[in-house]
Structures are given as structure tokens and as C-alpha cells.
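Worksheet: the structure to be examined is printed underneath.
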Amino acid sequence: MGRSQAIRAIGLMSGTSMDGIDVALIETDGESHVRRLGAAGFPYDAGFRRRLAEALDEAKALREREARPGSLAAVERELTDRHAEAVHRFADENGLDLRDIGVVGFHGQTLLHRPQEGLTVQLGDGPRLAEALGRDVVFDMRAADMRAGGQGAPLIPAYHAALAAGLPDEQRRYPIAFVNIGGISNITAIDGDTAPIAFDSGPGNALIDQWVAREAGIPFDQDGAVASEGHVDTGLAEAYLAAPFFDKPAPKSLDRFDFAVPEPGAGALEDVARTLCFVAAEAVLKAAAHLPATPKTWIVGGGGRKHPAIMADLKAGAARRGARVWLAEEAGLDGDALEAEAWAYLAVRSLKGLPLSWPSTTGCRRPVTGGVLARFTPRQP
Ligand SMILES: Nc1ncnc2c1ncn2[C@@H]1O[C@H](COP(=O)(O)OP(=O)(O)OP(=O)(O)O)[C@@H](O)[C@H]1O
Ligand SMILES: CC(=O)N[C@H]1[C@@H]2OC[C@@H](O2)[C@@H](O)[C@@H]1O[C@H](C)C(=O)O
């Protein structure tokens, strides 16, 4: 593939919230050219969410990234087939011919992430997806970074850097911080000049989701209905925010289980939910304080941007630091699709052998490319 040639790429993300598959279509050369062409979310049913949660539990004992003991092999097949189905539905709904797609970037589902042990495991069978879609698939994009001494995450900064250059004038005020509040949150700082600086900032929605699921039997705190009735418990918030993670210098990345959900009886349902929102916002603010230059513009994506309490705390904290917070949509982006778009973009970079990560984003020893290419080979008649 030539350096300036743009192709159409589909990206697929199943994030730490395990709520479903995000599909996005972009046209890109893997460098400065990015045209966003549509996206959709395909939620998992409760049964599959439960099987994924059980798989994450089973995976805690894994020592090798290729091993698929117990239910893991079957869950991986099902996950892969659900991704294929999501792409076919996306194509049907958008009148898209898959033969026009140059590559599919497939994140899969992170089962466990232990950078200190050099271990990151994503479920997702690239060759099986390539076969089901009749397209080339780039998958397993975190491993090469880890082999080069990196954290294996976050990888979205390469895409943030490409987006920053095309932001409307009102938001293109450097330094710019992109914040993703998903199950876990991460931050990317871009100064318009040097490689992005990035790291995971802390727990995002994962603790709130787990708390309301266990205490109220609901999958997440929709529109902040629970937290809006509560008050921040400063003792509980301080206990979370005293974790050594927050003072640790970058590079750093998190596993979904690095922060534990409060014990039953930690407080009233609403107060604990409200406190966990405060913790999610404060984690991002603390992260920004670690950056070499204070960002002027913050652009927020991920499901956490739909939680009014998280956003209120984040906006208040950023304003105290002279910064302005924008929803991704206010900057002309789709905050639900950023990660899936990033996986499409990274797949194209992988085809071109361009770096997916830098020492300043994951701590890798040198800029590294990554991903494994599963080629679709049509059967001979
Ligand atoms: N309307 C809403 N109100 C409140 N919270 C919401 C709303 N919609 C989504 N969320 C939160 O966002 C979460 C999903 O966010 P997202 O899809 O960005 O996470 P993810 O991509 O799975 O995580 P990660 O980025 O860590 O991989 C839900 O689990 C929920 O907590
Ligand atoms: C190991 C893993 O899957 N990490 C995810 C997770 O979800 C958010 C944060 O933790 C980030 O580090 C990463 O995802 C994003 C998309 C990334 O790699 O950039």
C-alpha cells in the first residue's frame, strides 16, 4: 500500500464495560487523512454479558496469552461470530458492499491486562472473522507494544493526534486533551508538535456499573438517575483517590479489576454512586495535573460523557484550571464511535508498518507498529 493511498476501513470495539460492539467506518491513509463515514452500536444481550463476565473471572488464572481453557474457547468463537454479525448488519443498514472495505480492525474483548507481568489477553479470533467477512482483518494490536517494553495500552492516542489537526478552530487550541471515559478512563495530550502523551487515568464507569448492578439490579446509572439523588462521601472518595496509581508517573495502564467496587454496606446506594462519579472525574483531573502543560481544551468521549454528575464535576474542575470541556459532539465528533474508529485507523497504520504507539504513550522503547494480519484467502473453485 502506498503512503498516501486512502482506503475504507471498519473498526470494531468491545470495551471494558462489556455492553456491546461498536462498529465504525472511516476512510483513511493511516496518517493525516481521516473521513468519518458512520458508526453504530450493537448491544449484547444479558446472557452474553453474563458469559463474558464469567470468562473474565475464569481468565484471572491465565498465565499464557494464547491459552483458552474452560469456557474461553467457546466464548471466543461466540464473540467473534457476534462481531461478524454486527458487521453484516451494519453493512446492510448502510447499503455497504463489504468488497469496498480494505481492512477490518478488530480489538476483541480484553480478558485481562497485567502490564507488570507483560501479559495482555484479548479474546477474538482474527482468522475466523476474516473468513466470516471475506475481508482482511488486523487483530491483536496490543502485543507488539508489550514485547517492546510498553504497557500495551492506551493505543487510541495515534487516532486522537490525527483528529486534533482537523478540529474546528474553536476547539483547536493547544494543548488539547482527549479524554475517554469508558469502563476505565484514559487521557491523551496533544501539543500539535511532538508525539502525543497518554496514559490510563483511572476508573471510569466500571465501578459505578458494578455498584448499581449489585445493589440495584440495573446495568448502569442511566442519565445519572441514581447518583443525582446522592451526595459525595468525602471519606470514601479520599480512600479511592489515595491509591498509589494516581501519583505513579506515566506510562501506566489499568486492568478492569485494579480498583475494587465498594463493599456492600459502604453507604446508601445513591451516595456511593455519586461518590464514584466524583472519583471518576477527579481521576481525570489528577491525570491532567501530571501533564507537562495544562490542556486548554478537553474533548470528552466514551459513555461516561452521558453521566451528568461525572460531567458536572469534570467541568467544574477543568474551569478551576482555566480549561474548557467539550463533548466530542460539540467538536464535530461521535463520542460513542471514537474507539471503533481508532481501531479502523490503527489497522490501516498496521498495514503500512506505521507506529501504533510511542515511548510517550505506552512506554515502549521506540515507536512500534503492531497487529496481526489475518488475510482472507478465497477458496479455489
Ligand atoms: N445514558 C447514560 N447515562 C449514564 N451513563 C451512561 C449512559 N450511557 C452509557 N453510560 C455509561 O457508559 C458505559 C459504556 O461506556 P463505553 O462504551 O465508552 O465503555 P467501553 O468502551 O466499554 O469502555 P473502555 O473505554 O474502558 O473500553 C456504560 O457502561 C455506562 O456506565
Ligand atoms: C487493555 C485494554 O483493553 N485497555 C483499554 C481499557 O479501556 C480504556 C483503557 O482501558 C485503555 O487503556 C484501553 O482501551 C483504549 C481504547 C486504548 O487502548 O486506547
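The values are calculated or read from the model by the stated rules, or taken from the named source; none is laboratory data. None of the values given here were measured: they were computed from a predicted structure. When we count neighbours, we look across all protein chains shown, and the Cβ atoms used for this are built from the backbone with ideal geometry, even at glycine.
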Read through the list (1) more than 16 Å from ligand 1 (Cβ to nearest atom); (2) in the same structural domain as I181 (by TED's automatic domain parsing); (3) touching a helix residue (DSSP H, G or I) at 6+ places or on another chain (Cβ under 9 Å), then give the number of the only condition that A319 fails.
(3)
Odd one out for A309, checked against (1) among the small types (G, A, S); (2) surrounded by fewer than 16 Cβ atoms within 10 Å (Cβ to Cβ); (3) more than 20 Å from A198 (Cα to Cα)
(2)
Return yes when L333 is surrounded by fewer than 24 Cβ atoms within 10 Å (Cβ to Cβ), in contact with a strand residue (DSSP E or B) (Cβ under 8 Å, 6 or more places away or on another chain) and more than 19 Å from A164 (Cβ to Cβ) and no when it is not.
no
Among the numbered conditions (1) touching a residue at least 12 places away in the same chain (Cβ under 8 Å); (2) over 13 Å from the mean Cα position of the chain (by Cα), tell me where D169 comes up short.
(1)
Taking the conditions exactly as written (of a type outside the set (D, E), touching a residue at least 12 places away in the same chain (Cβ under 8 Å), touching a helix residue (DSSP H, G or I) at 6+ places or on another chain (Cβ under 6 Å) and surrounded by fewer than 19 Cβ atoms within 10 Å (Cβ to Cβ)), does A273 satisfy them or not?
no
Reported set for region 250-272 where residues are among the β-branched types (V, I, T) and under 22 Å from the mean Cα position of the chain (by Cα) is V261
Of the residues L155, L111, only one is closer than 21 Å to F257 by Cα, within 14 Å of ligand 1 (Cβ to nearest atom), touching an Asp or Glu at 6+ places or on another chain (Cβ under 8 Å) and aliphatic (A, V, I, L, M); which?
L155
Restricting attention to region 133-145, and to residues there that are surrounded by fewer than 24 Cβ atoms within 10 Å (Cβ to Cβ) and farther than 16 Å from A344 by Cβ, which single residue is farthest from the chain's Cα centre (by Cα)?
G134
Pairs needed: first member in region 94-110, free of Cβ contacts under 8 Å to residues at least 60 places away in the same chain and closer than 13 Å to A130 by Cα; second member anywhere, outside any strand (DSSP E or B) and not aromatic (F, W, Y); C-beta distance under 7 Å; at least 6 residues apart or different chains.
L98/A91; L98/L133; L98/G134; L98/R135
